[in-house]
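The values are calculated or read from the model by the stated rules, or taken from the named source; none is laboratory data. These numbers come from a predicted model, not from an experiment. Cβ placement follows ideal geometry from the backbone for every residue including glycine, while neighbour counts extend to all protein chains displayed.
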Amino acid sequence: MTQRIPQALMGLICMGCISVGAQPQQPPTPPAAIAPLMTEAERQQVAFGTGFSIGNGFVLTAQHVVKNLSKVLVGSTQTGKWVSSDVVKIDAVLDLALIKTSLELPALQLARSDKVPMGLEVSVIGFPQPKIQGLTPKITQGIINGYPNHKQQAEDRGYFQISADISQGNSGGPLIGPDGSVIGMVQRKLNSQRVLERTQDWTVNVGFALRSSHILGFLEGTAATVQVKPLETQTLLRPFQIFEKVNPGVVSIIARTEPVNR
């Protein structure tokens, strides 16, 4: 059933398709200082995140956004339409969730992450801190500035380290290359407070995005198809062009517990 987001909630929070390949190795467990963009306590009753369309009514987001929450709403802030949607597959290790929605959304194109060079310009579109910044999409930019270790870089597995600013609410959002294709999913950030306590040094803008190789593997065996294109590293769209190209396929995710009938 199509819904429109209540005004009270707005005030508060506020390319052809191909078959995907075999699933790559699971990524290693991240270090303790690399935390999901939302703690368990912060998502006990309601959780806010970002998702992106891969076509045919399928949306990807981070598993921790919808974990153990029975009501999942997918919303397009461009149209103001929100629909109750179904989680059809999850992977707790990869922190991925596949959602089926009745919203008609354009599909974002994925590029394989083995072709992503160090220093590549990247953008993030999502809904950071919606209770503070409002429920409108924001874009931030940075670069691929590292990997947790050399093995992950060489084997196309694990996470990209990114310098684009991310916050709670960005979870599940697309990591976008300079040509407008999706090369990963934003999931985690460095716990700056814990680093400060250990080193007396404040570290900012250290985020982590799961590489698209894992997303393609996760979709193997599902009804979802995905549009995969070569990464065009010589195509450099300006930020407003990336936003205009990608934003129609980016959605807000609100997950909550079902109200108890009295």
Among the candidates Thr50, Thr79, which residue alone is of a type in the set (S, T, N, Q) and within 15 Å of Leu175 (Cβ to Cβ)?
-> Thr50
Spot the failing condition for Gly207; the list is (1) more than 13 Å from the chain's Cα centre (by Cα); (2) of a type outside the set (Asp, Glu); (3) modelled with pLDDT under 95, and only one is missed.
-> (1)
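Surrounded by 23 or more Cβ atoms within 10 Å (Cβ to Cβ) and in contact with a strand residue (DSSP E or B) (Cβ under 7 Å, 6 or more places away or on another chain): does that describe Gly146?
Numbers: surrounded by 23 or more Cβ atoms within 10 Å (Cβ to Cβ): no; in contact with a strand residue (DSSP E or B) (Cβ under 7 Å, 6 or more places away or on another chain): yes.
When the stated conditions are applied, Gly146 does not pass them.
Yes/no matrix, rows are residues, columns are (1) in a strand (DSSP E or B); (2) modelled with pLDDT of 95 or more:
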site	(1), (2)
Pro27	no, no
Ala32	no, no
Val59	yes, yes
Gly119	no, yes
Lys131	no, no
Thr136	no, no
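Here's a check for you: in the stretch 46-57, which residue that is in a strand (DSSP E or B) and of a type in the set (Gly, Ala, Ser) is surrounded by the most Cβ atoms within 10 Å (Cβ to Cβ)? Step through it out loud before you land on a result.
Pass one, the stretch 46-57, residues in a strand (DSSP E or B): 46-55.
This time we only want the ones that are of a type in the set (Gly, Ala, Ser), so: 47, 49, 51, 53, 55.
On the way: Ala47: 23, Gly49: 31, Gly51: 33, Ser53: 24, Gly55: 18.
Restricting to residues being in a strand (DSSP E or B) and of a type in the set (Gly, Ala, Ser), the top hit is Gly51.
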Given Val72, Val93, which one is within 25 Å of Thr257 (Cα to Cα), surrounded by fewer than 23 Cβ atoms within 10 Å (Cβ to Cβ), modelled with pLDDT of 95 or more and not small (Gly, Ala, Ser)?
-> Val93
Taking the stretch 81-121, which residues are more than 30 Å from Gln153 (Cβ to Cβ), touching a Gly at 6+ places or on another chain (Cβ under 7 Å) and small (Gly, Ala, Ser)?
-> Ser102
Looking only at residues in the stretch 46-66 that are farther than 18 Å from Thr77 by Cα and not hydrophobic (A, V, I, L, M, F, W, C), which one is farthest from the chain's Cα centre (by Cα)?
-> Asn56
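Whether any residue in the stretch 195-204 is closer than 17 Å to Leu108 by Cα, of a type in the set (Ser, Thr, Tyr) and exposed (fewer than 15 other Cβ atoms within 10 Å of the Cβ) is what I want to check. Before the answer, list the steps.
Filtering the stretch 195-204 down to residues closer than 17 Å to Leu108 by Cα leaves none.
No, the stretch 195-204 contains no residue that is closer than 17 Å to Leu108 by Cα, of a type in the set (Ser, Thr, Tyr) and exposed (fewer than 15 other Cβ atoms within 10 Å of the Cβ).
Could you please find all residues in the stretch 154-168 being outside any strand (DSSP E or B) and surrounded by 18 or more Cβ atoms within 10 Å (Cβ to Cβ)?
Let us first name the residues in the stretch 154-168 that are outside any strand (DSSP E or B), namely 154-158, 163-168.
Within the stretch 154-168, Arg157, Gly158, Ala164, Ile166, Ser167, Gln168 qualify.
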Which residue out of Ser163, Ser113, Ser171 is touching a strand residue (DSSP E or B) at 6+ places or on another chain (Cβ under 8 Å) and under 30 Å from Gly80 (Cβ atoms)?
-> Ser171
